[in-house]
Amino acid sequence: MRAFVVTGPGKAEVQEVDPPVPRPGEVVVDVERAGVCGTDIEFFTGEMAYLHTGEASYPVRIGHEWSGVVTAAGSAADESWVGRRVTGDTMLGCGRCARCTSGRQHLCADRHEIGIRHGWPGALAAQLPVPVRALHELPGEVDATLGALVEPGGNAFRAVQAANLAPGARVLVMGPGTIGLLTASFAAATGAEVHLLGLSLAFARSLGFTNAWTAADLPSLPFDAVIDCSTAASLPARAVDLVEPGGRVVFIGIAGEPSLVDTRRLALKDLTAVGILSASGALAQTISAYAAQAVDPRPLVAATVGLDEAVAVLSGRRDPAWGDAPKVHIDPRI
């Protein structure tokens, strides 16, 4: 089958590889759609941290935001999955350790991450092997595009959940990329007053986020929560400065260098600080929100292209006709 393979920094190609054979407890999914995200770009550039810690190595088969149809089931996997439209968790814990058995498989020290960690092949391919325990069925209201947006949406859902927003609360979301805009959308769905902070804001405003500011014109308002979805090393400390005493700061963006926070500020303002890793635990809620049209993230997708165009996408070469939407999807079938 055809699969996209990153062979080294700045080097990638579509290769013919052996199709997956489901092991016990696994299924094979025919991939309909896969999203390209910042992690995939970091693998392409060589900046991804796991490449430097030994948790990943080239060649890498990327892609962890996906949807598709189950076409085969291994032994000990329920055959009724065959033919069902699905997406799934990226984080695949060992299933035996204390973290896994307490529902925190996304923190398992021995976890695989689809398309990311310890060599589990990703979704930029015709087919993808997935453990049954990671699967989530997609209802008819959730199409292939929405299905591939469940994983990033689950991250955003968890960030909003961690902010503990009451209706009418004022929240500042830093970084209007895919995760930031999804976070703003889920926050708006709670009834919160949503503000965005970023550099380029025209697209965010086109989605209806009128309270979109740059650092130069951000109004002096009391924010009940601040959610940092950016990759700027300076913004976590800024989040602590901007949030109201007794409020919450949520960190989901990851900078390329250490982002320092003065813990004295956390203590003296009596703040709650929460870090978010992965969509695990929020995939079902995200699917439900999409199905009910409480949040519709499809405008975030600029274009859907084939595997042969993945190098251009990872290199940042975008067709101007795509506009400013941040996400690009890959359909391995075209």
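When you look at Val6, is it touching a Pro at 6+ places or on another chain (Cβ under 9 Å) and not in a strand (DSSP E or B), yes or no? Answer is no for this residue. Can Gly168 be described as assigned to a loop (DSSP other than H, G, I, E, B) and outside the structural domain of Val14 (by TED's automatic domain parsing)? Spelling it out, Gly168 is indeed assigned to a loop (DSSP other than H, G, I, E, B) and outside the structural domain of Val14 (by TED's automatic domain parsing). With respect to the conditions (1) touching a Gly at 6+ places or on another chain (Cβ under 8 Å); (2) buried (at least 24 other Cβ atoms within 10 Å of the Cβ); (3) not in a loop (DSSP other than H, G, I, E, B); (4) not assigned by TED's automatic domain parsing to the domain that holds Glu79, Leu128 lacks only one, and its number is (4).
Only one of the listed residues (Val173, Val160) is in a helix (DSSP H, G or I) and of a type in the set (A, V, I, L, M, F, W, C). That residue is Val160.
For region 224-237, the set of residues classified as over 13 Å from Leu266 (Cβ atoms) and surrounded by 20 or more Cβ atoms within 10 Å (Cβ to Cβ) consists of Asp224, Ala225, Ile227, Asp228, Cys229, Ser230, Leu235, listed by residue number. The number of residues in region 257-292 being more than 19 Å from the chain's Cα centre (by Cα) and closer than 30 Å to Glu141 by Cβ comes to 1.
Checking the condition surrounded by fewer than 16 Cβ atoms within 10 Å (Cβ to Cβ) and not charged (D, E, K, R), which residue from Val29, Val6, Val82 passes?
Just one listed residue meets the conditions, Val82.
The condition of being at pLDDT 95 or above, aromatic (Phe, Trp, Tyr) and either on the phi > 0 side of the Ramachandran plot or crowded, with 23+ Cβ neighbours inside 10 Å (or both) holds for only one of Phe186, Phe203, that being Phe186. With respect to the conditions (1) more than 30 Å from Glu55 (Cα to Cα); (2) modelled with pLDDT under 95, Leu138 falls short on a single one, namely (2). Contact map, region 147-175: first residue among the charged types (D, E, K, R), second residue not in a loop (DSSP other than H, G, I, E, B), Cβ cut-off under 6 Å, separation 6 or more or different chains; pairs are Glu151/Glu65; Arg170/Glu193; Arg170/Phe223; Arg170/Asp224. Annotation: of all residues in region 213-230 being under 22 Å from the mean Cα position of the chain (by Cα) and either among the hydrophobic types (A, V, I, L, M, F, W, C) or modelled with pLDDT under 95 (or both), the one that is farthest from Leu260 (Cα to Cα) is Ala225. Screening region 12-120 for strands (runs of 3 or more DSSP E) wholly inside it with 3 or more residues that are assigned by TED's automatic domain parsing to the domain that holds Asp143 and over 18 Å from Arg133 (Cβ atoms) returns the ranges 26-36, 65-73. Within region 249-287, being out of contact with any His (no Cβ under 8 Å at 6 or more places or on another chain) and small (Gly, Ala, Ser) holds for Gly253, Ala255, Gly256, Ser259, Ala267, Ala273, Gly275, Ala279, Ala282.
Under the condition of being touching a residue at least 40 places away in the same chain (Cβ under 8 Å), surrounded by fewer than 20 Cβ atoms within 10 Å (Cβ to Cβ) and of a type outside the set (Asp, Glu), the residues counted in region 301-312 number 2.
Just one residue in the set Arg133, Arg111 is under 30 Å from Gly83 (Cβ atoms), at pLDDT 95 or above, of a type in the set (Lys, Arg) and under 19 Å from the mean Cα position of the chain (by Cα); that residue is Arg111. When we screen Gly119, Gly115, Gly177, Gly153 for residues that are on the phi > 0 side of the Ramachandran plot and buried (at least 18 other Cβ atoms within 10 Å of the Cβ), the only hit is Gly115.
The values are calculated or read from the model by the stated rules, or taken from the named source; none is laboratory data. Bear in mind the structure is a predicted one, so any value in this text is a computation, not a measurement. Don't worry about glycine lacking a Cβ; one is built from the backbone with ideal geometry, like all the others, and counts go over all protein chains shown.
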